[in-house]
Amino acid sequence: MNAVRFGLQSIDVIAVLVVIALGIWNGYVGANDRGVLAPAAAALLGSGVFIFMMYFARAYRFRPTETTSEHTKTVLVASLAALGTWLAIALIVRPDSFLPDALARAGIGAIAVLLVLHAVYSAQLVRLHAKGRLTPTVVMLGATESARRIIEENAKTKELDIIAIFDERLSRAPLNIHGVPVVGKIDDLLSWDGLPYVNRIVVTLPSMAEDRRRDFVEKVRLLPNRIAYVSDSFESLDHVKQRLSDIAEISLKDVTGNPKSGSHTAIKRIMDIAIASLALVALSIPLAIIALLIKRDSPGPVLFRQKRHGFNNRVFDVWKFRSMRTDMLDFEARRQTEADDPRITRIGRFIRKTSIDELPQLINVIRGDMSLVGPRPHAVGMKTAGRDSIELVAEYAHRHKVKPGMTGWAQINGSRGPLHDQSDIARRVELDVEYIEGSNVLWDLSIMLKTLPVMLGDSDTIR
């Protein structure tokens, strides 16, 4: 939702800037021999005032229970206030080229554009909220009074999708709290099929139960899901008069999994779609040639599909060019690749060594299962030294706090290819967690630029 807000704010900034610039262009260009300086300055100031007023009026909250008419009123009040403020600033500063009529017409145009855009935004977001597409999914640890109050308030605001409660003391817990079922104990949560689709785990135990709260957090802290607890300040809030989102901002403190900003999420997604789409178009002929060579080299399909773990441990199908003999395909990666592996075809050795076999994952990036940069997705059921890889390193699941990537910080730092022992896995997890904690768009671009030289200069890694 934060990414959506950032995207809509960006559209508003561009739209208002363009409308104001066009609206005052004829009146300003040539006035007092100022050229384009006056309209450019007026447009920048005007768009800044309009967006600030929209933000101040909380026109970008887009609450699930807010109707389109209610949102339109908010936008109208904010934009009228912005127009008045803008004209007042211009009147006070009063540059030589001050043309109040031109500013007023441009401001009215900006108001009209904002009303139209936000009518569209609101209608679409109401539809998406109704489908649950923008509502965070939450489970609660502790059938407590705090849990009851959050659930009651959420019934009015519908800002969270609270789907279950888990509590160690089932004999004392009710079967449900206002329709939200008490499903089981913490161990039941860890093996729960719905866990990969939970956005946030909220520990609702009060401060007086410090030992139990610490025990709850300790049991779930290695999960990739965001984990938070209800702090003491929640207990003193007049929750009836507060919107749930306000309560969450005040009283929920993150334990693990602090999310990236909405701007980071939006820019990373836009970059993924743009670069992956351009790459698919630019490489269409080479990809077709590779597909033909695979088909001629050995019988079987050109593409290989495998189940892998993604964001929050969600399972998705990853696409690769087939590099192994059809009768020896290893869908669960139970056997790691070895030197001179007899399962690999002739063309397979080349495309694996150069990582060309990974290029169909550009489709996964466009679909949203993957990103261009992130921890490499491992196969579901992958074995290392005869054991499940996930069991060898406690922090393994932290790799799934973000979308998996086609390349990553681990890959350009030598952790590429099969993982033959616990130290290999520990090194990769260490590098992946380092990337997750400090990732940003510039770092992503740097990793992408370094990926090709690293692959071409890597003659030792078994692939």
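Under the condition of being among the β-branched types (Val, Ile, Thr) and touching a Phe, Trp or Tyr at 6+ places or on another chain (Cβ under 7 Å), which residue from the stretch 112-140 is surrounded by the most Cβ atoms within 10 Å (Cβ to Cβ)? Working first, answer last.
Start the filter on the stretch 112-140 by keeping residues that are among the β-branched types (Val, Ile, Thr), which leaves 113, 116, 120, 126, 135, 137-139.
Next, from what is left, pick out any that are touching a Phe, Trp or Tyr at 6+ places or on another chain (Cβ under 7 Å): 137, 139.
On the way: Thr137: 17, Val139: 23.
Applying the filter and picking the extreme gives Val139.
As an exercise: evaluate Leu283 against (1) at pLDDT 90 or above; (2) more than 28 Å from the chain's Cα centre (by Cα); (3) surrounded by 11 or more Cβ atoms within 10 Å (Cβ to Cβ); (4) aliphatic (A, V, I, L, M) and give the number of the one condition it does not meet.
Every condition holds for Leu283 apart from (2).
Of all residues in the stretch 147-178, how many are acidic (Asp, Glu), in contact (Cβ under 8 Å) with a residue 40 or more places away in the chain and within 17 Å of Ala228 (Cβ to Cβ)?
Number satisfying all stated conditions: 2.
Conditions (1) surrounded by 15 or more Cβ atoms within 10 Å (Cβ to Cβ); (2) modelled with pLDDT of 90 or more; (3) within 27 Å of the chain's Cα centre (by Cα), marked per residue:
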residue: Gly27; (1), (2), (3): yes, no, no
residue: Phe52; (1), (2), (3): no, yes, yes
residue: Tyr60; (1), (2), (3): yes, yes, yes
residue: Pro64; (1), (2), (3): yes, no, yes
residue: Thr74; (1), (2), (3): yes, yes, no
residue: Val77; (1), (2), (3): no, yes, no
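Filtering the stretch 198-222 down to residues that are in a loop (DSSP other than H, G, I, E, B) and in contact with a strand residue (DSSP E or B) (Cβ under 7 Å, 6 or more places away or on another chain), which residue is modelled with the highest pLDDT? Walk me through how you get there before you give the answer.
We begin by selecting, within the stretch 198-222, every residue in a loop (DSSP other than H, G, I, E, B); these are 198-199, 204-206, 221-222.
Now drop any that are not in contact with a strand residue (DSSP E or B) (Cβ under 7 Å, 6 or more places away or on another chain), which leaves 198-199, 204, 221.
On the way: Val198: 90, Asn199: 86, Thr204: 84, Arg221: 79.
Applying the filter and picking the extreme gives Val198.
I need every pair where a residue in the stretch 398-409 that is without any contact (Cβ under 8 Å) to a residue 40 or more places away in the chain and assigned by TED's automatic domain parsing to the domain that holds Leu431 has its Cβ under 8 Å from the Cβ of a residue that is surrounded by fewer than 24 Cβ atoms within 10 Å (Cβ to Cβ) and among the acidic types (Asp, Glu), sequence separation at least 6 or different chains.
The qualifying pairs are Trp409/Glu434.
Are there any pairs, at least 6 apart or on different chains, whose C-beta atoms fall under 9 Å, with the first in the stretch 85-99 and at pLDDT 75 or above and the second hydroxyl-bearing (Ser, Thr, Tyr) and surrounded by 13 or more Cβ atoms within 10 Å (Cβ to Cβ), and if so, which?
What qualifies is Leu99/Tyr28.
Looking at the stretch 36-48 only, could you name the residues that are surrounded by 23 or more Cβ atoms within 10 Å (Cβ to Cβ) and within 29 Å of the chain's Cα centre (by Cα)?
Ser47
Name the single residue, out of those in the stretch 283-333 being without any contact (Cβ under 8 Å) to a residue 40 or more places away in the chain and among the basic types (Lys, Arg), that is farthest from Pro224 (Cα to Cα).
This residue is Arg296.
Can you tell me which of (1) free of Cβ contacts under 8 Å to residues at least 24 places away in the same chain; (2) touching a Leu at 6+ places or on another chain (Cβ under 8 Å) is the one Ile186 doesn't meet?
(1)
Please go through (1) farther than 21 Å from Ile366 by Cα; (2) among the aliphatic types (A, V, I, L, M); (3) at pLDDT below 85 for Leu452 and return the number of the only condition it doesn't satisfy.
Of (1) farther than 21 Å from Ile366 by Cα; (2) among the aliphatic types (A, V, I, L, M); (3) at pLDDT below 85, only one is false for Leu452: (1).
Out of all the residues in the stretch 108-144, which are under 20 Å from the mean Cα position of the chain (by Cα) and polar (S, T, N, Q)?
Gln124, Thr135, Thr137
Taking Val365 as the residue in question, decide whether it is under 23 Å from Met448 (Cα atoms), among the aliphatic types (A, V, I, L, M), surrounded by 19 or more Cβ atoms within 10 Å (Cβ to Cβ) and in contact with a Leu (Cβ under 7 Å, 6 or more places away or on another chain).
Taking the combined requirement at face value, the residue satisfies it.
For the stretch 352-394, give me each residue that is in contact (Cβ under 8 Å) with a residue 60 or more places away in the chain and among the aliphatic types (A, V, I, L, M).
Ile356, Leu359, Leu362, Ile363, Val365, Ile366, Met370, Leu372, Val373, Ala379, Val380, Ala394
Which of the residues belonging to the stretch 101-129 are free of Cβ contacts under 8 Å to residues at least 24 places away in the same chain and farther than 18 Å from Ser79 by Cβ?
Matches in the stretch 101-129: Gln124, Arg127, Leu128.
In the stretch 107-145, which residue that is β-branched (Val, Ile, Thr) and more than 16 Å from Glu66 (Cα to Cα) is modelled with the lowest pLDDT?
Step by step, filter the stretch 107-145, then rank; the result is Thr144.
Yes/no matrix, rows are residues, columns are (1) surrounded by fewer than 19 Cβ atoms within 10 Å (Cβ to Cβ); (2) closer than 21 Å to Pro360 by Cβ:
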{"position": "Thr384", "(1), (2)": "no, no"}
{"position": "Asp388", "(1), (2)": "yes, no"}
{"position": "Val393", "(1), (2)": "no, no"}
{"position": "Tyr396", "(1), (2)": "no, no"}
{"position": "Arg399", "(1), (2)": "no, no"}
{"position": "Lys403", "(1), (2)": "no, yes"}
{"position": "Asn413", "(1), (2)": "yes, no"}
{"position": "His420", "(1), (2)": "yes, no"}
{"position": "Arg428", "(1), (2)": "no, no"}
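For the stretch 419-432, what are the residues that are out of contact with any helix residue (DSSP H, G or I) (no Cβ under 8 Å at 6 or more places or on another chain) and assigned to a loop (DSSP other than H, G, I, E, B)?
His420, Asp421 - these are the residues of the stretch 419-432 that are out of contact with any helix residue (DSSP H, G or I) (no Cβ under 8 Å at 6 or more places or on another chain) and assigned to a loop (DSSP other than H, G, I, E, B).
The values are calculated or read from the model by the stated rules, or taken from the named source; none is laboratory data. None of these values were measured; they are calculated from a predicted model. Here Cβ is always computed from backbone atoms with ideal geometry, including for glycine, and neighbour counts include all displayed protein chains.
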